[in-house]
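Bear in mind these aren't lab numbers, they're just calculated from the coordinates by the rules spelled out. From a predicted model like this one, the values you see are computed outputs, not experimental measurements. Here the Cβ is made from the backbone with ideal geometry for all residues, glycine too, and neighbour counts use every protein chain on show.
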């Protein structure tokens with residue numbers, strides 16, 4: 001079982017990373033697909049189908065339940081478990097699949113290292129963030145910051161977010177394995193602690209704790 005990473009942060013938060021070297025049959029045999037899900041994956045291209053199956057298999061494993069819960073999407077495209085109050089997040093990159101289940105808004109992101117990320121750094125980082133990036137292993141930290149903002153975006157869950165001006169990553173030291181990030185939108189202000197892990201050829205970032213969340217319901 002190529003579960004390359006698993007962590008229980010607290011009783012309500014668990015995450016894992018799967019290196020999907022198996023074929024689709026392995027995952028299909030490990031989970032019982034509902035008719036609506038069979039119809040859904042029948043429309044997917046081969047790669048997307050493999051990612052879909054691996055993520056549902058991993059998510060079911062993380063729930064620790066005998067009976068699998070169906071993963072649905074809300075009107076903004078955010079995934080959730082049918083009939084369950086926990087929050088979930090999924091991510092794919094290369095052969096990796098990452099998933100997290102938590103009792104608060106959450107996000108997870110895994111990215112195989114891509115040198116071309118340098119070209120888009122000014123599009124998702126503010127001048128302040130660029131100035132305060134740890135300079136040692138700069139390629140690594142570009143991916144950390146990108147992954148952290150992806151996590152914030154997923155935790156917000158309503159789409160329509162400017163990564164550069166509405167998602168903010170606090171300065172960190174090179175020795176740190178965590179960072180603080182904020183969502184600054186008219187309808188919500190939230191801060192999260194995110195941890196990250198170097199998996200040699202990729203970076204994993206996930207929300208470890210919701211520090212605060214203030215919603216403006218008048219919007």
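The table that follows gives values for the structure above.
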quantity	calculated
Mean separation of Cα contacts under 8 Å (6+ apart) over length of region 136-219, as relative contact order %	25
Modelled FRET efficiency - R0 41 Å, residue 118 with residue 32, Cβ distances, 0.05 increments	0.40
Candidates 103, 201, 35, ranked by Gaussian network fluctuation over the chain, Cα under 10 Å, top entry	35
Gaussian network model of the chain, springs between alpha carbon atoms under 10 Å - residue of 28, 40, 129 with greatest fluctuation	40
Listed residues 32, 137, 111, most fluctuating in the chain (Gaussian network, C-alpha, under 10 Å)	137
Paramagnetic reach from residue 67 (point 7 Å along Cα→Cβ, amide N under 18 Å) across region 14-33	31-33
Value of relative contact order over region 3-102, rounded to a whole percent, pairs C-alpha under 8 Å and six or more apart	33
Projected-area average for the chain over all orientations - Cα convex hull basis, square nanometres	12.7
Neighbour-count order for 100, 120, 108, fewest beta carbons within 10 angstrom listed first	120, 108, 100
Difference of contour (0.36 nm per residue) and Cα-Cα distance, residue 132 to residue 217	27.2 nm
Relative contact order computed over the chain (Cα-Cα under 8 Å; 6+ residues apart), in percent	16
For q = 0.26 Å⁻¹, Debye-computed log10 I/I(0) when each Cα of region 142-208 counts as one equal scatterer	-1.16
